[in-house]
Amino acid sequence: MLEQLPVYQPGRPIEEVARQFGLDPAGIIKLASNENPLGPSRLALRAARAALRDMHLYPDGNAYYLKQKLAAHLRVRPENIILGNGSNEVLELIGHAVLGPGAEAVVSQYCFAVYPIVTHLFGARLVEVPARNYGHDLDAMLGAVGPATRVIFVANPNNPTGTRVPNVELLRFVNSVPAHVLVVIDEAYYEYMEDPPDLIELVRSGARPNLVVTRTFSKIYGLAGLRLGYGIAHESIVSALEKIRQPFNTNAVAQAAALAALDDTAHVRRTRALNRRGLRYFARELKRLGLEFVPSEANFILVRVGDGRGVFERMQQQGVIVRPMGGYGLPDWVRITTGTHAQNVRCIDVLKSVLGLGAG
Ligand SMILES: *Cc1c(COP(=O)(O)O)cnc(C)c1O
């Protein structure tokens, strides 16, 4: 079974690319993993440094302060929050809880790679529903639910396509999923959205006991290296997931940094503004170059370049790391994260030169 398990292919680290091509790491830019180009919040950095002094102590396994703060922030109860070593761990805990041989998970074509991995990890069957315009076809996904379905995974916005579903459609969908099926809405890019849906209200009111919303500190909060994510759900789900997790799954430094990051609303605002500018810039330049792209609601953009792997490799040699999409069934495409404006300009220049589209 392990031989057939798909492998997650992460964005290539800067150090690794520098070693391979004999480049100066300082001259390489990574626009491959949807990280925050502004880095972490200064408040988070200071809190993390202070927390290092106590690294000889085990962390608070229940993360009392972080759960209190998140609960206040989201207007839910601490009992509605499950923390994970990245939201990827929350997805895995869900797999542990509900998947196994004979069970099915419903996903969309072009879904986040972790859903198929978790599904196969627990020996369950993956039901992949064709995408519509690169986005989720929620009606078709509902239609794919059968008696063996245990979970549906929807990322909104979706990675790697950047698409989102309209709020009314999403709410109708969440309210239509049968009670025996867990509906997981992955909101890793929630903070980047204009006009985001309010799914937390369905947890707050107790209306949807089969709903799990996942979020992360890896993306807009800029803490990907510390690994901290969370799920928001009915307390019955949270208490089940709490039994499965390792007692110290989230570390003390990450907890301290996350607490401080929640206070730094200016950093979040700046990041969001930078991303909007980046998306507008990419859209304008890609149009000018005559390259097809999928309009994005996240902090990255999917671009059709022809030979995605080849373009990725040649850009990498010029010190710009993007993400090839062959593993997602999109071999003609690369995914580019928005960076600082200077990084975005350099990325377009290198893309142009690699594609032979004028000066580079
Ligand atoms: C980046 C991402 C995550 C976050 O993963 P972490 O484990 O929290 O770093 C989750 N879901 C999607 C769709 C993502 O793109």
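Values in this text are rule-based calculations from the coordinates and carry no lab data. These figures come from a predicted structure and were not determined experimentally. Note: ideal-geometry Cβ built from the backbone for every residue, glycine included; neighbour counts use all protein chains shown.
Kindly provide the set of residues from the stretch 126-141 that are buried (at least 18 other Cβ atoms within 10 Å of the Cβ) and in contact (Cβ under 8 Å) with a residue 24 or more places away in the chain, ordered by number. Within the stretch 126-141, A131, Y134, G135, H136, L138, M141 qualify. S296 passes every criterion in (1) touching a residue at least 12 places away in the same chain (Cβ under 8 Å); (2) among the polar types (S, T, N, Q); (3) more than 16 Å from the ligand (Cβ to nearest atom) apart from (3). Scanning the stretch 267-311 for residues that are part of a strand (DSSP E or B) and touching a Ser or Thr at 6+ places or on another chain (Cβ under 7 Å) gives V294, F300, L302. Residues that are within 16 Å of the ligand (Cβ to nearest atom), closer than 23 Å to A48 by Cα, touching a residue at least 12 places away in the same chain (Cβ under 8 Å) and in contact with a strand residue (DSSP E or B) (Cβ under 6 Å, 6 or more places away or on another chain): does the stretch 222-229 have at least one? Yes - at least one qualifying residue is present in the stretch 222-229. Contact list please: Cβ distance under 6 Å, first residue in the stretch 87-100 and free of Cβ contacts under 8 Å to residues at least 40 places away in the same chain and under 18 Å from E187 (Cβ atoms), second residue assigned to a helix (DSSP H, G or I) and more than 8 Å from the ligand (Cβ to nearest atom), pairs at least six apart or on different chains. From the stretch 87-100, the pairs are E92/V118. One residue is enough: does the stretch 61-80 have a residue meeting the conditions under 30 Å from V7 (Cα atoms) and part of a helix (DSSP H, G or I)? Taking every residue of the stretch 61-80 in turn, none turns out to be under 30 Å from V7 (Cα atoms) and part of a helix (DSSP H, G or I). Picking from residues in the stretch 5-45 that are without any contact (Cβ under 8 Å) to a residue 40 or more places away in the chain and among the small types (G, A, S), the one that is nearest to V268 (Cα to Cα) is A26. All conditions but one from (1) at positive phi; (2) of a type outside the set (A, V, I, L, M, F, W, C); (3) within 10 Å of the ligand (Cβ to nearest atom) apply to K219; the one that does not is (1). Among the residues of the stretch 84-99, those identified as under 21 Å from H180 (Cβ atoms) and either more than 10 Å from the ligand (Cβ to nearest atom) or not in a helix (DSSP H, G or I) (or both) are L93, I94, G95, H96, A97, V98, L99.
Of the numbered criteria (1) away from the ligand (no atom under 16 Å from the Cβ); (2) of a type in the set (G, A, S); (3) surrounded by 14 or more Cβ atoms within 10 Å (Cβ to Cβ), the one S108 fails is (1).
As a summary of the residue check, P160 satisfies the conditions (1) surrounded by fewer than 18 Cβ atoms within 10 Å (Cβ to Cβ); (2) more than 24 Å from V238 (Cβ to Cβ); (3) within 16 Å of the ligand (Cβ to nearest atom) except for the one numbered (1).
Kindly evaluate T250 against the criterion of being touching a Leu at 6+ places or on another chain (Cβ under 7 Å), within 16 Å of the ligand (Cβ to nearest atom) and under 15 Å from L93 (Cβ atoms). When the stated conditions are applied, T250 passes them.
Restricted to the stretch 187-210, and to residues that are away from the ligand (no atom under 16 Å from the Cβ), surrounded by fewer than 24 Cβ atoms within 10 Å (Cβ to Cβ) and of a type in the set (A, V, I, L, M), which residue is nearest to G84 (Cα to Cα)? The residue in question is I200.
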